[in-house]
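No lab work stands behind these numbers, since they all come straight from the coordinates. None of these values were measured; they are calculated from a predicted model.
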Amino acid sequence: MKQILNYHISNPPKALRKAKLDNIALVPASLLFQKGKYQTIANNLPGQGVLICQDKKKERITQILESVADFFRQRGHFVRMLPYSLI
């Protein structure tokens, strides 16, 4: 039997709708404890830059991150890809 969940998605608050994102950082969860390091790198990127931390060991994830990087590049974002070992 399939449960039906009643969710109502509304517009975000006005302040959030007006917010402009400066930079984006995509990092593995195992690096969350080193937020200060990758946040500094991301903050030094040009406006609307994207920092992607990739792991060379996992081929499938690396391919997915490459396609994500291409997606952002096609939309005019500056993308910096760093290996996991540098952070």
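So the values come out like this:
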{"item": "Where only alpha carbons of segment 37-87 are counted, the Rg and the Dmax (Å)", "result": "11.1, 30"}
{"item": "Cα-derived Rg to Rh of the chain, Kirkwood definition", "result": "1.09"}
{"item": "Stretch gain in nm, segment A19-I61, where the contour uses 0.36 nm per residue and the Cα spacing is subtracted", "result": "12.1 nm"}
